[in-house]
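Q: Sharing a structure with you now.
The values are calculated or read from the model by the stated rules, or taken from the named source; none is laboratory data. The structure displayed is predicted, hence computed values, not measured ones. So basically every Cβ, Gly included, is an ideal-geometry build from the backbone, and we count neighbours across all protein chains shown. Surface areas here come from the heavy atoms of the whole protein model, side chains and all, with no ligands, DNA or RNA. Shrake-Rupley method; radii C 1.70, N 1.55, O 1.52, S 1.80 Å.
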Amino acid sequence: MKYIIFNWKSYLNGKESFSLAKSLNKLKFSKKYKIIISPSSYSLFALKNNFKKIELSSQNFDTLGSGGYTSFLPIENLSNFSIKYSLIGHSEVRKYRNENDLIVKSKLILANEYKINPIICIGEDFKTYKNNKTKSYIKNQIKKIFNKQIKYQNLFIAYEPLWSIGSGLVPSNQEIIKIIEYIRFLLKDYSFKKLKILYGGSVNSSNFEELNEIKELDGFLVGSASIKKSFIKIFCN
Ligand code: PGA
């Protein structure tokens, strides 16, 4: 079974998210896929309360707990509402909210404590890719994010090259396989229950079939295509 995470980013307003979730709730997805919707924070809890069948992921949470922290989303709200997944370190959060690998590291520890399945986003920029430095970049990110003393629960790593997100550019299957195998190799030194590796970056209805041939992958993290009917129907019976 492959995991398909629909990252709705902030594409849809509250009404539109509700209406798309309503139609998804009526669909019968193939048993080959596990669909997880990651709506914006302003829709997450409304969808949780209204659509019991839909599996949800948060797009983020904050490291501060309950208290005088205006505008924050403490992680306990995710577990209180039985939201089982959260993206951590998405490139847009890194870019626009200055999230770095140290913050990702502390979020991962929190996710582990609260038994939220973390979907950790990593990946190199275009210059690093062009200079053939992807492996050392990924190695460094993993070293900064993971701690050998911690026993992690289920881990999801989304390999998302920054240059591929929203650009229409996608690495070749061979390139993706090489990095996925390398990530598995690097993570051998750490302790976790289960490891799932996803690919993300410009996945759409035209390239899905080819990308889905990659046996080494456990699924995909999909942005803009995930709100399109033509893409969603790939996963239906
Ligand atoms: P994209 O985004 O599919 O629109 O490239 C992927 C992501 O940012 O997770």
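Q: Considering the stretch 166-198 alone, what residues qualify as being part of a strand (DSSP E or B), in contact with a Phe, Trp or Tyr (Cβ under 6 Å, 6 or more places away or on another chain) and more than 10 Å from the ligand (Cβ to nearest atom)? Give the steps one after another, and end with the answer.
A: Taking the stretch 166-198 first, the residues part of a strand (DSSP E or B) are 191-198.
Okay, now just the ones that are also in contact with a Phe, Trp or Tyr (Cβ under 6 Å, 6 or more places away or on another chain), so 192, 196, 198.
Passing the criteria: 192, 196.
Q: While we're looking at this one, here's another question. For the stretch 191-207, enumerate the residues that are over 21 Å from residue 1 (Cβ atoms), buried (at least 17 other Cβ atoms within 10 Å of the Cβ) and in contact (Cβ under 8 Å) with a residue 40 or more places away in the chain.
A: Answer for the stretch 191-207, where residues must be over 21 Å from residue 1 (Cβ atoms), buried (at least 17 other Cβ atoms within 10 Å of the Cβ) and in contact (Cβ under 8 Å) with a residue 40 or more places away in the chain: just 201.
Q: Where residues in the stretch 208-234 are in a loop (DSSP other than H, G, I, E, B) and closer than 20 Å to residue 54 by Cα, which of them is least open to solvent (accessible area, probe 1.4 Å)? Break it down stepwise before answering.
A: So in the stretch 208-234, the residues in a loop (DSSP other than H, G, I, E, B) come out as 212-218, 223, 228.
Right, trim to closer than 20 Å to residue 54 by Cα and you get 218, 223, 228.
Working: 218: 33, 223: 17, 228: 107 Å².
Filtering first and then ranking leaves 223.
Q: Return only the number of the condition from (1) within 12 Å of the ligand (Cβ to nearest atom); (2) farther than 26 Å from residue 113 by Cα; (3) touching a residue at least 40 places away in the same chain (Cβ under 8 Å) that residue 212 does not satisfy.
A: Of everything listed in (1) within 12 Å of the ligand (Cβ to nearest atom); (2) farther than 26 Å from residue 113 by Cα; (3) touching a residue at least 40 places away in the same chain (Cβ under 8 Å), residue 212 misses just condition (1).
Q: May I pose another question? If you check 181, 175, which single one turns out to be within 21 Å of residue 210 (Cα to Cα) and within 19 Å of the chain's Cα centre (by Cα)?
A: Values: 175 fails: within 19 Å of the chain's Cα centre (by Cα).
When all the criteria are applied, what remains is 181.
Q: Now, a different point. Give me the pairs, please: first residue somewhere in the stretch 4-29 and in contact (Cβ under 8 Å) with a residue 40 or more places away in the chain and within 17 Å of residue 46 (Cβ to Cβ), second residue anywhere and of a type in the set (Val, Ile, Thr) and part of a loop (DSSP other than H, G, I, E, B), beta-carbon distance under 8 Å, and either six or more positions apart or on two chains.
A: From the stretch 4-29, the pairs are 24/54.
Q: So residue 114 clears everything in (1) touching a Ser or Thr at 6+ places or on another chain (Cβ under 7 Å); (2) open to solvent by 60 Å² or more (accessible area, probe 1.4 Å); (3) over 20 Å from residue 151 (Cα atoms) except one condition, right? Which one?
A: The single condition residue 114 does not satisfy is (3).
Q: Moving on. With (1) within 16 Å of the ligand (Cβ to nearest atom); (2) in contact with an Asp or Glu (Cβ under 8 Å, 6 or more places away or on another chain); (3) open to solvent by 10 Å² or more (accessible area, probe 1.4 Å) as the list, and residue 137 as the residue in question, which single condition is left unmet?
A: Against the list (1) within 16 Å of the ligand (Cβ to nearest atom); (2) in contact with an Asp or Glu (Cβ under 8 Å, 6 or more places away or on another chain); (3) open to solvent by 10 Å² or more (accessible area, probe 1.4 Å), residue 137 comes up short only on (1).
Q: List every residue pair whose Cβ atoms lie under 7 Å apart, where the two residues are 6 or more positions apart in sequence or sit on different chains, the first residue falls within the stretch 81-107 and is within 16 Å of residue 160 (Cβ to Cβ), and the second residue, located anywhere, is small (Gly, Ala, Ser) and more than 16 Å from the ligand (Cβ to nearest atom).
A: 86/111; 88/111
Q: Right, another one. So, in the stretch 22-49, how many residues would count as being of a type in the set (A, V, I, L, M) and either modelled with pLDDT under 95 or over 18 Å from residue 85 (Cα atoms) (or both)?
A: Kept after step one, since they are of a type in the set (A, V, I, L, M), are these residues of the stretch 22-49: 24, 27, 35-37, 44, 46-47.
Okay, now just the ones that are also either modelled with pLDDT under 95 or over 18 Å from residue 85 (Cα atoms) (or both), so 24, 27.
Here the count works out to 2.
Q: Please go through the stretch 147-165 and give me each residue that is away from the ligand (no atom under 16 Å from the Cβ), open to solvent by 10 Å² or more (accessible area, probe 1.4 Å) and either part of a strand (DSSP E or B) or of a type outside the set (S, T, N, Q) (or both), ordered by number. Break it down into steps so the answer makes sense when it comes.
A: So in the stretch 147-165, the residues away from the ligand (no atom under 16 Å from the Cβ) come out as 147-155.
After this cut, where a residue has to be open to solvent by 10 Å² or more (accessible area, probe 1.4 Å) as well, the list is 147-151, 153-154.
Within the stretch 147-165, 148, 150, 151, 153, 154 qualify.
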